[in-house]
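To start, the structure itself, in structure tokens.
The values are calculated or read from the model by the stated rules, or taken from the named source; none is laboratory data. Bear in mind that the values here come from a model prediction, so they are computed numbers and not experimental data. Note that we place each Cβ from the backbone using ideal geometry, even for glycine, and neighbour counts take in every protein chain shown.
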Amino acid sequence: MSSTTLVSPVSAIPRPSFHANWIISRREDLIWFIGSALAGYLAIALLWAGFPILPIQFIWFFVIDNPHVLATATRTYFDKEERRKLGWLLWIPLPLLLIGPAMAFAGKAAIFFLFAFCWQQFHVTKQHFGFMMIYKAKNRERDQTDRKIDRWFLLASLFVPLAWFIARTESWTAGLPGLIWIEKAVLLAYGVLCAAWLLRQVQKLRSGAEMNWPKLALLAGVVPLQWLALGFGARFGPAGALQAAIPLGIFHGLQYHRLMWFHNHNRYSGPEARERNGLAAVLATKMSRYFAVAIGLNIILGFLPQALFPYQAVQAALWGIPFTHYVFDAKIWRVRSDKELAAALHLA
């Protein structure tokens, strides 16, 4: 008599394997690179509930966002090896400081500030995309289908709400022919892309494929925050750029501060760092020095000029500092072409 082995239908379903290789550690990544999105959600909730914007703006401006912009100096102007690599690019703040005043005097200040906001959001998008790609590299996620669909899903999830915000807040968009149909078509295409991305995750789960948990957690924090922040800001018209920028900037800034400190500590702690990198290595010995420099530069270069000269042209000129940050960031965070950077981020 032959015996038959019964297999439970539940046990027959392949169990997905969740990969969890982190940039720093599970605790640090969940707090700073992923969990800091909660600070953005909290800012939206407070503003939505009628909490005064000034205290939140103060924290954003003085503690997080502007200091993160000027913290870039710790690995550019203060690093003599990086100064050698950047060369003439170190002088780029001079022309960038002139763009805003030139447009303000030409009567195009509104266009300039919209341009500045869009460049800011493009910069934020690049950072989120960079984190996603780091998590894909750390967890050895090399499937080409996932690479393409993750790329388009994240980019669409960040740029579509930005375009929707502009369409809803800028008066000049009202005159665009067929705008409402363009908006509906874009949202429909985005909905199809979201459905395709979700179906891909379900397919992987059902097949027992490896799931990149840090990447999925990052996307779960980033995507809803982008829509909520820009949707909330759209309620205030063009002035709503500030209400949108604060929660998005808080998340972005906290991520950046932790990544910069992780990089600086790893790169500048070696015995030859002071000789090779100069002042940057001194600032890397203590986190307090890093933040003191970032906040101090913000007060000197960001706050005092606006306080002493409260003119629109001055405010427009000071956008040259974030513009410099955006240009430098596009240059100094190229992991593939910089082996020393890859080693500092533990990607080598």
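Taken over segment 161-212, the criterion of being under 30 Å from Arg140 (Cβ atoms), of a type in the set (A, V, I, L, M, F, W, C) and modelled with pLDDT of 95 or more is satisfied by Val192, Leu193, Cys194, Ala195, Ala196, Trp197, Leu198, Leu199, Val202.
Taking the conditions exactly as written (within 16 Å of the chain's Cα centre (by Cα), in a helix (DSSP H, G or I) and touching a residue at least 12 places away in the same chain (Cβ under 8 Å)), does Leu259 satisfy them or not?
Here the answer is yes, as Leu259 does meet what is asked.
Of everything in segment 269-281 that is of a type in the set (Gly, Ala, Ser) and without any contact (Cβ under 8 Å) to a residue 12 or more places away in the chain, the residue that is farthest from Phe78 (Cα to Cα) is Gly270.
For segment 185-215, residues that are without any contact (Cβ under 8 Å) to a residue 24 or more places away in the chain and within 16 Å of the chain's Cα centre (by Cα) total 0. Selection over segment 160-184 of residues that are acidic (Asp, Glu), without any contact (Cβ under 8 Å) to a residue 40 or more places away in the chain and not in a helix (DSSP H, G or I) gives a count of 0.
Of the residues making up segment 96-121, those that are touching a residue at least 40 places away in the same chain (Cβ under 8 Å) and surrounded by fewer than 16 Cβ atoms within 10 Å (Cβ to Cβ) are Leu98, Phe105, Ala110, Trp119. Among the residues making up segment 37-91, those that are touching a Gly at 6+ places or on another chain (Cβ under 7 Å) and not hydrophobic (A, V, I, L, M, F, W, C) are Asp65, Asn66, His68, Asp79, Lys80.
Every test in (1) modelled with pLDDT under 95; (2) at negative phi is passed by His252 save one, and that test is (1). Give the residues of segment 282-315 that are without any contact (Cβ under 8 Å) to a residue 60 or more places away in the chain, within 20 Å of Asp79 (Cβ to Cβ) and assigned to a helix (DSSP H, G or I), sorted by residue number. Those that are without any contact (Cβ under 8 Å) to a residue 60 or more places away in the chain, within 20 Å of Asp79 (Cβ to Cβ) and assigned to a helix (DSSP H, G or I): Val282, Met287, Ser288, Arg289, Ala292, Gly296, Ile300. Can we say Leu259 is of a type in the set (A, V, I, L, M) and either in contact with a strand residue (DSSP E or B) (Cβ under 7 Å, 6 or more places away or on another chain) or within 15 Å of Gln127 (Cα to Cα) (or both)? So Leu259 passes the test.
Among the residues examined, Arg75 does not qualify as of a type outside the set (Asp, Glu), within 19 Å of Leu341 (Cα to Cα) and free of Cβ contacts under 8 Å to residues at least 24 places away in the same chain. When segment 196-214 is filtered for residues that are surrounded by 14 or more Cβ atoms within 10 Å (Cβ to Cβ), within 12 Å of Asp150 (Cβ to Cβ) and either of a type outside the set (Lys, Arg) or in contact with a strand residue (DSSP E or B) (Cβ under 9 Å, 6 or more places away or on another chain) (or both), the ones remaining, listed by number, are Trp197, Gln201, Lys204, Asn212. Looking at Arg267, is it out of contact with any strand residue (DSSP E or B) (no Cβ under 8 Å at 6 or more places or on another chain), at pLDDT below 95 and buried (at least 17 other Cβ atoms within 10 Å of the Cβ)? Against the criterion (out of contact with any strand residue (DSSP E or B) (no Cβ under 8 Å at 6 or more places or on another chain), at pLDDT below 95 and buried (at least 17 other Cβ atoms within 10 Å of the Cβ)), Arg267 qualifies.
Scanning segment 320-348 for residues that are outside any helix (DSSP H, G or I) and of a type in the set (S, T, N, Q) yields one hit, Ser337. The single condition among (1) more than 23 Å from the chain's Cα centre (by Cα); (2) more than 26 Å from Leu242 (Cα to Cα); (3) modelled with pLDDT of 95 or more that Lys85 does not satisfy is (3).
With respect to Asn277, is the statement that it is crowded, with 17+ Cβ neighbours inside 10 Å, among the polar types (S, T, N, Q), closer than 20 Å to Glu340 by Cα and touching a helix residue (DSSP H, G or I) at 6+ places or on another chain (Cβ under 9 Å) true? So Asn277 passes the test.
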